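Participant: Quick one: the structure is below, questions incoming.
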């Protein structure tokens, strides 16, 4: 059993040993994805996967009738109580793939205050909130209660919500650790735990917190691990926490390194999978066209500006927070409705930014890689790498913002002469075939690929600003034009005693 909150330090210290004694039981044969029909989507419906009718009806009311391939593959395994290791392309429906059967597994039993029975861990606030939004209606249909526990929002309200009792907590590792320290939640009743984007948690430095949390979950809890990429940083989690997992890899992009196969584990793969490949083929994923737009350094800003002025929702990726703010400001100055998103903004600012991008108030989002994971904004038809990504995984997750849920999209990388070698190496490592095109501002080919056009040149305000700030009344009176001959108001303060001296 995992350690509950408030256990003695000696008991906590012995937890890894208890986990270690179970490691052998977790290293059985790895099975792979479901039938070829399921992997291809086939004609399966949610009702065919074992989901209860009330949940199927809730999905149908939301316009969701047929499962995506990853959903058709993993839902039966999760409903059967198996641990699952899943890899699928970003935007392929992973949230519902683990979320729906998790809810069904918890259906029919109550949860006590501060003791949820389901736990979903995500690396970022935005992803956690998105998961809650996606699962809210299905959970309601089953009479289950959800709550998020994320940083950047008042912790007191989250404590109060947990005290009323919830069935599933969707949390970031840092905030859940804080709540455990305040004794606002305990994990001793967890029956199912899902970890989304585990590799990104490792990249953000959350792996120690993640493992500490998983050590507090009962050893017999069902473990689900999902991501668009699964590399060596995740292998330790697989070895330590998953028991004979069913492994599914459908339409996935780069898997930067294979998951190590421990003794006794079979190294098998179904059609369309390759669990030992260095990098998967992006062509197996969404319908995306990839271009490398070669520009002169002096033309880069003009080319990016014309691309941003295109009709439609556009996502521009840059490396730094300062670069995101600067580019968004420059675009607004030339008439492009752009907003910036990065980790340096407060949660309420990030929420307003995403809302403006989602509702079309600002059709252009300039972002750092904080937006590259988990966020689902409909109808992003173009992703632009203004600054090339650092590695193939970043390319994958940036690219995954377009062509979601079976749609198509375009991804372009702006390449200056200094970036040519880096861009070519990145494409090889990511197993992406780029179409190289030399472009200049105003080129017909640039317009054909991206829809680029000249910006209007009329400056725009930030969407959160409703009007140009006006000076207050005192400022207006101070600087108003004065009729000829009218003296300037005297605002200089008199020195003490000056009035008495002037009267003598």
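The values are calculated or read from the model by the stated rules, or taken from the named source; none is laboratory data. All figures in this text were calculated on a predicted structure; none of them were measured in a lab. All Cβ positions, glycine included, derive from the backbone under ideal geometry; neighbour counts span all protein chains shown.
Participant: With respect to the numbered conditions (1) modelled with pLDDT of 95 or more; (2) in the same structural domain as residue 69 (by TED's automatic domain parsing); (3) not in a strand (DSSP E or B), which one is the sole condition not fulfilled by residue 302?
Facilitator: Among (1) modelled with pLDDT of 95 or more; (2) in the same structural domain as residue 69 (by TED's automatic domain parsing); (3) not in a strand (DSSP E or B), the lone unmet condition for residue 302 is (2).
Participant: Considering only segment 23-43, I want to know if a residue exists there that is crowded, with 16+ Cβ neighbours inside 10 Å, farther than 21 Å from residue 243 by Cβ and modelled with pLDDT of 90 or more.
Facilitator: No: segment 23-43 contains no residue that is crowded, with 16+ Cβ neighbours inside 10 Å, farther than 21 Å from residue 243 by Cβ and modelled with pLDDT of 90 or more.
Participant: In addition: Take the conditions closer than 24 Å to residue 98 by Cα, surrounded by 24 or more Cβ atoms within 10 Å (Cβ to Cβ) and either in the same structural domain as residue 377 (by TED's automatic domain parsing) or modelled with pLDDT under 90 (or both) and apply them to residue 227. Does it pass?
Facilitator: yes
Participant: Within segment 175-196, is even one residue closer than 20 Å to residue 108 by Cα and under 17 Å from the mean Cα position of the chain (by Cα)?
Facilitator: Yes, some residue in segment 175-196 is closer than 20 Å to residue 108 by Cα and under 17 Å from the mean Cα position of the chain (by Cα).
Participant: Related question: Can you tell me which residue among 120, 131, 70 is modelled with pLDDT under 95, within 16 Å of the chain's Cα centre (by Cα) and buried (at least 21 other Cβ atoms within 10 Å of the Cβ)? It would help to see each step written out before you state the result.
Facilitator: Values: 120 fails: modelled with pLDDT under 95; 70 fails: within 16 Å of the chain's Cα centre (by Cα).
Just one listed residue meets the conditions, 131.
Participant: Which strands (runs of 3 or more DSSP E) sit wholly inside segment 380-455 and have at least 3 residues that are modelled with pLDDT of 85 or more and crowded, with 19+ Cβ neighbours inside 10 Å?
Facilitator: Values: elements: 380-385, 408-415, 435-438.
The strands (runs of 3 or more DSSP E) meeting that bar are 380-385, 408-415.
Participant: Are any residues in segment 96-132 closer than 15 Å to residue 175 by Cα and without any contact (Cβ under 8 Å) to a residue 60 or more places away in the chain, and if so, which ones?
Facilitator: Once the filter is applied, which keeps residues that are closer than 15 Å to residue 175 by Cα and without any contact (Cβ under 8 Å) to a residue 60 or more places away in the chain, segment 96-132 yields 128, 129.
Participant: Please pick out the residue among 184, 202 that is touching a helix residue (DSSP H, G or I) at 6+ places or on another chain (Cβ under 8 Å) and within 26 Å of residue 343 (Cα to Cα).
Facilitator: On the way: 184 fails: within 26 Å of residue 343 (Cα to Cα).
Testing whether each residue is touching a helix residue (DSSP H, G or I) at 6+ places or on another chain (Cβ under 8 Å) and within 26 Å of residue 343 (Cα to Cα) leaves just 202.
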